[in-house]
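Structure record follows, encoded as structure tokens.
The values are calculated or read from the model by the stated rules, or taken from the named source; none is laboratory data. This is a predicted model, so every value here is computed, not measured. All Cβ positions, even for glycine, are placed from backbone atoms using ideal geometry, and neighbour counts span all protein chains on display. For the accessible areas, the whole protein counts, side chains as well, though only heavy atoms, and no ligand, DNA or RNA atoms are used. Shrake-Rupley method; radii C 1.70, N 1.55, O 1.52, S 1.80 Å.
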Amino acid sequence: MSQTSRRHVMFGAGAAIAGGILAACGSEVGGGGAAAPAGGAGGTAGGAAGTVNWLVRSGKEENGGQEKVFEPMLKEKLPKVKVERIVVPQDQYIPKINSMAAANESLELWGFGGNYYDYWWRKLPQDLTSYITADKWDVNTYFHAGLMDRFKINGKYYGVSQLSTFGSVLLYNKDLLDKAGLKAPPVDWNDASWTMDKALEYATKLTKDPGSPNGTFGMSLDLWAKMTSLPYLWGGDSWTKEHYTDFIAPKTNFNSEAVLQSHTFLQDLIYKHKVMPDPATAKSLGQLGNPFQTGKIAMALDGGWLYWTSSAIKDFKFGFAALPTGKANKNINFNDFWIMGRWAKQKDAAWQVMRVLSSEDATTKYAEMTFTPPTPRKSLDAFSKALAKASGQSLEDLNKVLTGAIDPKRSQESPDHLFLQHPKLDSTYSQELDALTNNKEKAADWVPRVGKIMDETAKAIYDQFKDSRPKD
């Protein structure tokens, strides 16, 4: 197992915990149902004691909020519970979950994305239904509509809503737009004039001296994951309906017109229109920090984490807009959950921690500080106001972007939360994408060739799992 950075943060008794990370082994993950929760509704009065291992990924905004908001509140509300926060680099986060499960190393709490249905398929999450029922917690009224259903399987809750990205979004540098004499892109997702061709017009006018050290690029089309998000913009899909309902399918729709058009557009942005950095330039910009935050990218299209990464912007004004519509039929929303490990040793204490982390007080303060969209209904207003104040964008316009993105007619839960072995699909695609983005192969040749590879990968996953679906 590769080495990870691990920080120990203790609450309650304050005793130091020594020792390294346990090596992975092949032991079975333990089962067992949820015990009745200790303490009353909210899980903050009295209740269980113990050590809770909380796994988080490294990230300036997230770790800062954990240290300044969550940790002090946990110490205040749960003095009998010791929380050990384990911080690992983002690329090691999911492997760390798997290695702790394999080694039977107690993991009480994790969140921050991942393949939720894969977790369930492998029996990693604890069923939380009995905890929710015992607390008489009306989660459907407490959280935004539909969020708790995203990880509800066969009538059972396997997670507590942690965050929502409010879909995918376009983040723009208002200073660069003003300098180019361009008005802000539309905030209305139904504005039919805001097409990919119109966005290209903007990008062309916003690109200045792209080959020079002081040059700026009009657009960065980095929607994650491109293999899914790009075809959505052209009204198509790389995947079949089975992928969304059964989480596996024997083939893909990768060799299709929408995939071809969208990937041709991506390649042309870089090499024909020269309004987007090529991979080498993007890597160079990344060494300076977040490329958009350097002021060298005018418009960034990506997941809703652009909301919280914008909290670091101090040198220019910025705003948010709808993704270019045109033929668009979907945009990806990333809904994350707090999950309790089924093999965890301190489940009652973990539930109390989950209740504190999900409280309106905690989520509101965290949202105000980090610009992370909160999931409790009553926390949303504070988030919107904080983001509007920082960006200078009106609250009315900002709310149009937020609510439009999650309209059920266009909001799609991220396939990386749904499809089994999504990392295998993504790594296969990413390995092949270099040939396109480095201009070694034209999209017209690349799409049918890669389509065969994606079909083979999907079929292998299907054959592996088609007869092993869990019953509960």
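Laid out as a table, the results:
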| quantity | calculated |
| --- | --- |
| Per residue value of the accessible surface for the chain (all protein chains in place, 1.4 Å probe), Å² | 41 Å² |
| Percent of beta bridges antiparallel (DSSP, the chain, rounded to nearest 5) | 55 percent |
| On Cα atoms only, tilt of 395-405 relative to the major axis of the chain in degrees | 80 degrees |
| Heavy-atom accessible surface of the chain: percent carbon and sulfur, 1.4 Å | 50 percent |
| Estimated vicinal HN-Hα couplings, Hz - the range 108-118 in sequence order (Karplus 6.51, -1.76, 1.60; Gly, Pro = x) | 7, 8, 8, x, 6, x, x, 8, 4, 6, 5 |
| Cα gyration tensor shape of the range 51-113, rounded if a/c is under 1.5, else prolate or oblate by comparing a/b with b/c | oblate |
| Which of Ser358, Ser468 is most accessible, then next, and so on - probe 1.4 Å | Ser468, Ser358 |
| Theoretical FRET efficiency, 1/(1+(r/R0)^6), r = Cβ-Cβ of Asn214 and Lys136, R0 45 Å, to 0.05 | 0.15 |
| Simple Cβ-charge dipole of the chain, Lys/Arg +1 and Asp/Glu -1, about Cα centre, in debye nearest 20 | 500 debye |
| Distance between modelled label sites at Asn290 and Lys385, nm, 7 Å Cα→Cβ extension | 2.3 nm |
| Shape call, the range 351-413: gyration tensor on alpha carbons, a/c limit 1.5 | oblate |
| Under-5 Å amide H pairs with Lys82, H placed in peptide plane, nonlocal only | Gly50, Thr51, Val52 |
| Cα gyration tensor, the range 365-472 - rounded (a/c under 1.5), prolate or oblate | oblate |
| Given [x] 0.99; [y] 1.23; [z] 1.10, the label whose value is Cα Rg over 2.2 N^0.38 Å derived from this model | [x] |
| Helix axis angle, 257-271 relative to the chain longest principal axis, alpha carbon, degrees | 70 degrees |
| Exceeding the 23 Å Cα-Cα cut-off - candidates Lys77/Lys156; Lys183/Lys283; Lys136/Lys347; Lys179/Lys274; Lys330/Lys365; Lys136/Lys378 | Lys77/Lys156; Lys183/Lys283; Lys330/Lys365 |
| Under the Karplus curve 6.51 cos²θ - 1.76 cosθ + 1.60, θ = phi - 60°, whole-Hz ³J(HN,Hα) for the range 347-362, x wherever Gly or Pro sits | 6, 4, 5, 4, 5, 4, 5, 4, 5, 5, 4, 8, 5, 4, 4, 5 |
| C-alpha long axis of helix 422-437 to longest principal axis of the chain, angle in ° | 20 degrees |
